[in-house]
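The values are calculated or read from the model by the stated rules, or taken from the named source; none is laboratory data. Predicted, not measured: the structure shown is a model, and the values here were computed from it. Note that we place each Cβ from the backbone using ideal geometry, even for glycine, and neighbour counts take in every protein chain shown. Accessible surface areas use protein heavy atoms only, side chains included; no ligands, DNA or RNA. Shrake-Rupley method; radii C 1.70, N 1.55, O 1.52, S 1.80 Å.
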Amino acid sequence: GKTGDKDTIMIAKSDASDQSSVGRANVAGKNLVGLDLPGEEGLYEVRYYDAAERKIVARQTIKISNPEVTLEAVKESLAGSDIVVTWKAPNLNRDYIAIAEKDAPGSKYETYAYTRDGSPTTVRVPGVEGVYEIRYISAKDWAIWARKDFKAIAPKASVDAPKKGLAGSTVNVDWTGPALKGDYLAVAEPGTDGKTYLKYQYVKEG
């Protein structure tokens with residue numbers, strides 16, 4: 001039909017109000033437009049909005065399904081280590097592999113890595129031991145397209161240092177641990193968290 005300058009094609013959840021949309025395209029002077037679909041599966045409506053009449057004048061139901069996505073990875077690894085995740089997915093722009101707490105929404109994560117370089121993808125394990133999920137996240141609406149249970153295990157580590165020393169001096173510290181990338185020994189005030197320190201030294205030299 002005849003299009004107005006401000007008419008739009010919209011897509012919205014089928015039970016959403018006529019004023020709601022999760023995507024739209026202007027149709028002025030066109031009879032064919034491209035419309036990006038949301039990343040979350042469900043029942044939606046494509047709607048024609050007549051700006052002059054200020055109402056929806058045509059609508060059609062559309063069912064959106066998640067693509068087939070698979071994830072393969074180890075079931076557990078040391079906290080702070082790197083793991084390799086093999087996946088099959090559409091690999092849309094800015095999709096990523098995330099490690100998140102099991103009850104976290106798709107927009108929340110502990111660590112992540114983009115999938116733009118293809119499968120497999122290397123992602124860092126969270127530094128705190130616990131039960132997590134490895135997820136394939138669509139950049140569209142942070143939809144979770146696949147998930148896999150994962151456990152971060154606390155590595156065994158120890159330090160052996162003098163019980164006292166002169167302020168500003170240097171002391172030798174013997175240690176054991178996984179020596180993961182970025183690990184360091186720190187001098188900190190008792191009771192502070194792992195991100196707080198007064199002095200530190202990376203352990204990469206052994």
Inset, instruction - Return the total of residues in region 23-54 being touching a residue at least 40 places away in the same chain (Cβ under 8 Å) and touching a strand residue (DSSP E or B) at 6+ places or on another chain (Cβ under 6 Å). - result: 6
Inset, instruction - Can you tell me which residue within region 145-198, out of those that are of a type in the set (K, R) and touching a residue at least 60 places away in the same chain (Cβ under 8 Å), is nearest to V128 (Cα to Cα)? - result: K151
Legend entry - Every residue from region 44-58 that is part of a loop (DSSP other than H, G, I, E, B), open to solvent by 50 Å² or more (accessible area, probe 1.4 Å) and either within 25 Å of I137 (Cβ to Cβ) or of a type outside the set (K, R) (or both): A52, E53
Legend entry - Residue list for region 157-184, restricted to those being open to solvent by less than 90 Å² (accessible area, probe 1.4 Å) and within 18 Å of S77 (Cβ to Cβ): A157, G177, P178, A179, L180, G182, D183
Inset, instruction - Working only within region 103-160, note down all residues that are of a type in the set (A, V, I, L, M) and more than 14 Å from the chain's Cα centre (by Cα). - result: V128, V131, A152, I153, A154, A157, V159
Inset, instruction - Please go through region 1-18 and pick out each residue that is over 23 Å from S107 (Cβ atoms), within 36 Å of the chain's Cα centre (by Cα) and surrounded by fewer than 12 Cβ atoms within 10 Å (Cβ to Cβ). - result: S17
Legend entry - Unmet requirement for A28, which otherwise passes all of (1) at pLDDT 90 or above; (2) touching an Asp or Glu at 6+ places or on another chain (Cβ under 8 Å): (1)
Inset, instruction - Enumerate the strands (runs of 3 or more DSSP E) found wholly within region 59-156, keeping only those where 1 or more residues are closer than 25 Å to D183 by Cβ and open to solvent by 20 Å² or more (accessible area, probe 1.4 Å). - result: 76-78, 82-88, 96-101, 111-114, 121-124, 130-137, 144-153
Legend entry - Residue in region 19-34 that is open to solvent by 50 Å² or more (accessible area, probe 1.4 Å), within 22 Å of N66 (Cα to Cα) and part of a strand (DSSP E or B) present: yes
Legend entry - Subset of region 157-166 [touching a Ser or Thr at 6+ places or on another chain (Cβ under 7 Å) and not in a strand (DSSP E or B)]: A157
Inset, instruction - Could you tell me whether any residue of region 35-43 is open to solvent by 20 Å² or more (accessible area, probe 1.4 Å) and modelled with pLDDT of 95 or more? - result: yes
